[in-house]
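*Asks:* I am attaching a structure below and will ask some questions about it afterwards.
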Amino acid sequence: MSSSAFLYGTLQRYSPPTWADPIRFKPTSYVKLALRPTPIHQWHLPGVPSGYQVWVKRDDMTGSVLGGNKIRKLEFLLADALERGCDSVITSGSLQSNHCRATALAARQLGLQPHLLLRWKGDMPKDLGAVGSEGNLLLDRAAGARIILTPHVRSERDTGPTQHEYATVTKTLHQMVTEYAEKLRYIHTTAFIMFCVIKINC
């Protein structure tokens, strides 16, 4: 068995690149969830203009269950949760969110309880069973994630969450922290700065 296999799921120290020095909050550790580096394969596609080549970074081969490239940010975000002594993580997304699915599965691998705030369009169902168990939602349930539906409301000009959505999420977060978890880490759906810092670690 390779040495990397023994490191899987364990906290490792991380030294950010020097160009990340101006960033105030930088990761200092990560938890190994992916097999890196993933290969880069050339694709010979019809119709490619002369002088151009198409190459694909195969992040479907990270070895993480259905994580794809999302596992890269989760290696750092979940490491932060472990270092803080969290027993649960919470994140949000659409009903079929790939991010939520990847977070739920990776969290379970590390012994963390996943909580998912999933946005529901239309009238809120009285029973969670009414939303079904298909696609990513099936995998969320299989991971034992606690699923909470939140209203999905958008104004005509605003593509981001409305104040009503934020209020609902904030209230739910407070209830979950006080009732369901001793220590809970919120996993933001984007984490742009984190993504920029870690993307070099391919």
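The values are calculated or read from the model by the stated rules, or taken from the named source; none is laboratory data. These numbers were taken from a predicted model, which means no experiment stands behind them. Glycine also receives a Cβ, built like all others from the backbone with ideal geometry; neighbour counts cover every protein chain displayed.
*Asks:* Would you say Gly111 is within 29 Å of Phe76 (Cα to Cα), surrounded by fewer than 20 Cβ atoms within 10 Å (Cβ to Cβ) and without any contact (Cβ under 8 Å) to a residue 24 or more places away in the chain?
*Replies:* Against the criterion (within 29 Å of Phe76 (Cα to Cα), surrounded by fewer than 20 Cβ atoms within 10 Å (Cβ to Cβ) and without any contact (Cβ under 8 Å) to a residue 24 or more places away in the chain), Gly111 qualifies.
*Asks:* Can you name the condition, by its number, that Val48 falls short on among (1) of a type in the set (Val, Ile, Thr); (2) loosely packed, with under 11 Cβ neighbours inside 10 Å; (3) free of Cβ contacts under 8 Å to residues at least 12 places away in the same chain?
*Replies:* (2)
*Asks:* So Val169 clears everything in (1) under 13 Å from Leu95 (Cβ atoms); (2) β-branched (Val, Ile, Thr); (3) at pLDDT below 85 except one condition, right? Which one?
*Replies:* (1)
*Asks:* Here's something else I'd like to know. Find the residue count for segment 112-145, including only residues that are touching a helix residue (DSSP H, G or I) at 6+ places or on another chain (Cβ under 9 Å) and not in a helix (DSSP H, G or I).
*Replies:* Total satisfying the criteria: 16.
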